[in-house]
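Notes follow the structure.
The values are calculated or read from the model by the stated rules, or taken from the named source; none is laboratory data. In this text the structure is predicted, and so the values were computed from the model without any measurement. Neighbour counts run over all protein chains shown; Cβ positions are idealised from the backbone, glycine included.
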Amino acid sequence: MENLIGKKALITGGGKGLGKATAIAFAQEGMDVAITGRNEKNLQEVVAELTALGVHATYEVFDITDLQGVTQGIENILSTFGTIDVLVNNAGIASFGTFLDMDPATWLSILNTNVIGTYNVTKVVLPHLVAKNQGDIINVSSTAGLNGAATTSAYSASKFAVIGLSDSLMREVRKYNIRVCTLMPSTIASDMSIELGLTDGNEDTVLQPADFAELIVANLKLPRRALLKTASLWSTNPS
Ligand SMILES: NC(=O)c1ccc[n+]([C@@H]2O[C@H](COP(=O)([O-])OP(=O)(O)OC[C@H]3O[C@@H](n4cnc5c(N)ncnc54)[C@H](OP(=O)(O)O)[C@@H]3O)[C@@H](O)[C@H]2O)c1
């Protein structure tokens, strides 16, 4: 089992939801954590929680669709942490509507955030992992990236694309001992899923962000010779 103490992680969208739960789970394992997002107040509050757990934590504010901002923000994290061992491409947005009803700007912003955002952050972090000849990248897709549904054309197109990007990258960089894992969770209680009306978030039956974080930690603890390529996490009996 891999020891995670002292590893440096970068989690996009770490100010709330799945990203925040992952940041806390990493800190509980003794990992130093950098979180990013656009809402600075959320990031500050989570960094305070992480620091209280006794690890180094920092944040950077940038929009993942802006490659220049991403580049500067990641340079700042690298100058604070010295290195990055684990990248979690978690930040994403969702909006549902019929193909004809959804306006083109919304459709494009979902693709831009979920696909180009993942591309931008990976493009900047990957050279550091290749130079170290080691690393982990976890890309967050969705069950909506496995199957379409009426009203999810934009979100499903984006999450199908994340799977294609991530699967290709895994095949390309495992020769550098970089493990790329694609996660495809079903509905998890978060602002996103509750605001979309997908779940009431019932803790007794519905997946919680901490469950998702537990899966990521278990993945990272696998011996380095082992690579979890994909995983799909579901609620056992949500209804
Ligand atoms: N919850 C679910 O049921 C579910 C299921 C399957 C997959 N997922 C995926 O899991 C990931 C996290 O979802 P969640 O449920 O935790 O959603 P959430 O609570 O809405 O959080 C989304 C996070 O992404 C960040 N973000 C969004 N757009 C950004 C941008 N342009 N630049 C920088 N950061 C951005 C937000 O940060 P700021 O607000 O600070 O910008 C926020 O921290 C997403 O990729 C989502 O598609 C979620």
Looking only at residues in region 38-49 that are more than 21 Å from G117 (Cα to Cα) and touching a strand residue (DSSP E or B) at 6+ places or on another chain (Cβ under 9 Å), which one is nearest to the ligand (Cβ to nearest atom)? V46
Residue that is β-branched (V, I, T) and touching a helix residue (DSSP H, G or I) at 6+ places or on another chain (Cβ under 7 Å), where the choices are T187, T205: T187
Under the condition of being polar (S, T, N, Q) and more than 25 Å from K7 (Cα to Cα), which residue from region 134-160 is surrounded by the fewest Cβ atoms within 10 Å (Cβ to Cβ)? N147
Starting from region 27-49, keep only residues that are at positive phi, then list their pairs with residues that are away from the ligand (no atom under 11 Å from the Cβ) and assigned to a strand (DSSP E or B) whose Cβ atoms are within a distance under 9 Å, requiring at least 6 positions of separation or different chains. none
Those residues that are more than 16 Å from the ligand (Cβ to nearest atom), at pLDDT 95 or above and in contact with a Leu (Cβ under 7 Å, 6 or more places away or on another chain), I need them from region 1-37; list them, please. L4, A27, Q28, E29, G30, M31
Selected residue (criterion: surrounded by the fewest Cβ atoms within 10 Å (Cβ to Cβ)) from residues of region 202-222 that are part of a helix (DSSP H, G or I) and of a type in the set (V, I, T): V217
Could you run through region 98-145 and say how many residues are under 18 Å from M192 (Cβ atoms) and in a helix (DSSP H, G or I)? 14
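Residue by residue, here is whether (1) surrounded by fewer than 21 Cβ atoms within 10 Å (Cβ to Cβ); (2) near the ligand (Cβ under 7 Å from one of its atoms); (3) within 30 Å of A131 (Cβ to Cβ) holds:
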| site | (1), (2), (3) |
| --- | --- |
| V162 | no, no, yes |
| S168 | yes, no, yes |
| E172 | yes, no, yes |
| K175 | yes, no, yes |
| C181 | no, no, yes |
| S186 | yes, yes, no |
| S190 | no, yes, no |
| G197 | yes, no, no |
| D200 | yes, no, no |
If we scan region 72-92, do we find a residue that is under 17 Å from the mean Cα position of the chain (by Cα) and either over 16 Å from V124 (Cα atoms) or basic (K, R) (or both)? yes
So for region 94-104 (the condition being in contact (Cβ under 8 Å) with a residue 60 or more places away in the chain, within 14 Å of the ligand (Cβ to nearest atom) and over 23 Å from I24 (Cβ atoms)), does at least one residue qualify? yes
